[in-house]
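Encoded as C-alpha cells, the structure appears first; notes follow it.
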Amino acid sequence: MEIMVKARVSEERGCEWMQKFELRLDDIDFQSQESFKTLRFNVEFSGEKNQVFYITSTYPNEGKSTVSLELALAFSDNGKKALLIDADLRKSVSRQLIRTGSIEMGLSDYLVGRAQFDDVIAQSNIENFSMIFSGPVPPNPSEILDGERFKHLIETVKEKFDIVIIDTPPMGSVIDAAVIAKNCDGGIIVINSGQASYRQIRKTKEQLERADSKIIGCVLNKVDASNNDYYYGYYHK
C-alpha cells in the first residue's frame, strides 16, 4: 500500500520524488579510459538511430557490469544524456555503486506494476548520468522481462535519453539477455580473455542471433597489457 501511494504522489509532484544517489567510482588508468572512449566511438557509429544497447557475457565475472557502467559514463562525459539500466534481476551488483543515497524502487518494481516510471529513475551526482537499479529479486525474472511493461519502458527511455545501456545477466546461466535483446538496437558481448573458450562464445552468439538480436561487437576484457609490446612501450616506459 505504501509503495502504491508513493507512486501516485510522484505522478502529481513530478521530479520532487526522484531518487538520487552519489556514485562510487574507482579510478581507472589512462589506457582503460582510452579504451572506453574508443568503445563509445564504435557504438556511436553502429547506426544513426541506435539508442538502446544491451551488454552481456557468457559467464559471471567477465566484467560486463563494469563495461556497462564505464560505457554509459563515457557517453555522459561526452554530453549525451545517458541511462544505465541494471536488468540483472537475479544477481545484481549495482547497489555496490552507491556511495550515498537511498534507492527504494527499481526495475522489478516497475515491471510488476508496483511503481511508475518516475519512481524508478535514479539521478546521480554525475551530470547527464542516471540509473534504473534492479530492485527486489522477483520469482520469475524471464517472464516479467518478456512482458509488455518492459517494452513500454524501452519506448519511454528512448524519448527521454540519448543513449541507454542495459546490463544483462550472463548468457551461459540464464536466457534473460536474449529476452531483453529483442527490444534493443544492438548488443555487445564482454569476453574475459583468460576464461571463455571459442566454443562457449560461439554458443552465446548463436543464442542471441536466434532471438533476432543485432550484435555490434565484442569487448575483450581483462587483457594483460604488459604482454603487449606496443602498450607496454607506450604506457609503461
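GLY101's amide H: which non-local residues (gap 5+, or another chain) put their own amide H closer than 5 Å, with H modeled 1.01 Å from N in plane and none for Pro or chain starts?
Result for GLY101 returns GLU22.
Pull up the cross-link candidates among the lysines for LYS81, meaning alpha carbon to alpha carbon under 19 Å and not fewer than 8 places away within one chain.
Of all the lysines, those that pass the test against LYS81 - Cα under 19 Å, at least 8 places apart if same chain - are LYS20, LYS37, LYS49, LYS158, LYS160.
For region 147-189, what class follows from the C-alpha gyration tensor (a ≥ b ≥ c being the square roots of its eigenvalues): rounded when a/c is under 1.5, otherwise prolate if a/b is larger than b/c, else oblate?
Oblate.
Between ARG95 and LYS160, what is 0.36 nm times their sequence separation minus the Cα-Cα distance? Round to one decimal in nm.
21.1 nm
Report relative contact order for region 15-123 in percent, whole number only (criteria: Cα-Cα under 8 Å, sequence separation at least 6).
47 percent.
What is the percent carbon and sulfur in the accessible area of the chain, measuring with a 1.4 Å probe over the protein chains and ignoring ligands? Kindly include the intermediate steps, with their values, before the conclusion.
On the way: 5930 of 12670 Å².
Of the solvent-accessible surface of the chain, carbon and sulfur hold 47 percent.
For the chain, treating each Cα as an identical point scatterer without solvent, what Debye log10 I(q)/I(0) comes out at q = 0.10, 0.11, 0.16 1/Å?
Ignoring solvent entirely, the Cα scatterers give -0.46, -0.56, -1.17.
Cross-link partners among aspartates and glutamates for LYS214, C-alpha distance below 12 Å, same-chain residues fewer than 8 apart left out?
ASP185, GLU206
In nanometres, what is the gap between the two model label sites at SER193 and ARG149, each 7 Å from Cα along Cα-to-Cβ?
Roughly 4.2 nm, to one decimal.
Please compute the per residue accessible area over the chain with all protein chains in place, 1.4 Å probe, rounded to a whole number of Å². Provide the component values of the computation, followed by the final result.
Values: 12670 Å² over 237 residues.
The answer is 53 Å² per residue.
Could you work out the helix-only [θ] at 222 nm for the chain, with each DSSP H run of four or more residues adding -39,500 (n - 2.57) and the total divided by the number of residues, to the nearest 500 deg cm²/dmol?
The per-residue figure over the chain is -11500 deg cm²/dmol.
For the Cα atoms of the chain, what angle does the longest principal axis make with the long axis of helix 148-160, in degrees from 0 to 90, nearest 10?
80
Relative contact order for the chain using alpha-carbon pairs under 8 Å, separation at least 6, rounded to a whole percent?
Relative contact order of the chain: 28 percent.
Add +1 for every Lys or Arg and -1 for every Asp or Glu among the other residues with Cβ under 15 Å from the Cβ of LYS203, and state the total.
On the way: positive: ARG199, ARG202, LYS205, ARG210; negative: GLU62, GLU206, GLU209.
Every neighbour counted, the sum reads +1.
Would you work out which of GLY147, THR38, GLY172 lies farthest towards the positive end of the dipole of the chain? Charges go on Cβ: Lys and Arg +1, Asp and Glu -1.
Toward the positive end, the furthest listed residue is GLY172.
Can you tell me the 0 to 90 degree angle between the C-alpha axis of helix 64-77 and the longest principal axis of the chain, rounded to 10?
With both axes taken from Cα atoms, the answer is about 80 degrees.
Under 5 Å between amide H atoms, partner at least 5 residues away or on a different chain: which partners does ILE166 have, H built in plane at 1.01 Å?
So ILE166 has HN proximity to PHE53, TYR54, ILE55, ILE85.
Helix 2-13: angle to the longest alpha-carbon principal axis of the chain, degrees 0 to 90, nearest 10?
Helix 2-13 sits roughly 90 degrees off the main axis of the chain.
Got a sec to turn the phi values of region 37-46 into Karplus ³J(HN,Hα) couplings, 6.51 cos²θ - 1.76 cosθ + 1.60 with θ = phi - 60°, whole Hz, x for Gly and Pro?
For region 37-46, the Karplus curve yields 5, 5, 4, 4, 4, 5, 5, 4, 8, 7 Hz.
How are the Cα pair distances of region 77-145 distributed, in percent, across 5 Å bins from 0?
Answer for region 77-145: a P(r) of 3, 18, 27, 24, 16, 8, 3, 0 percent.
Report, by chain and number, residues whose modeled amide H sits under 5 Å from the one on ILE215, excluding near sequence neighbours (fewer than 5 apart, same chain).
Counting only residues 5 or more places away or on other chains, the set is GLY187.
Let me know the charge dipole size of the chain about its Cα centre in debye, to the nearest 20, where only the beta-carbon of Lys, Arg (+1) and Asp, Glu (-1) is charged.
The calculation lands at about 460 debye.
The values are calculated or read from the model by the stated rules, or taken from the named source; none is laboratory data. All values derive from a computational prediction rather than experimental measurement. Every residue, glycine as well, gets a Cβ built from its backbone with ideal geometry; the counts of neighbours run over all protein chains shown. When the accessible area is computed, the model is the full protein with side chains, heavy atoms only, and any ligands, DNA or RNA have been set aside. Shrake-Rupley method; radii C 1.70, N 1.55, O 1.52, S 1.80 Å.
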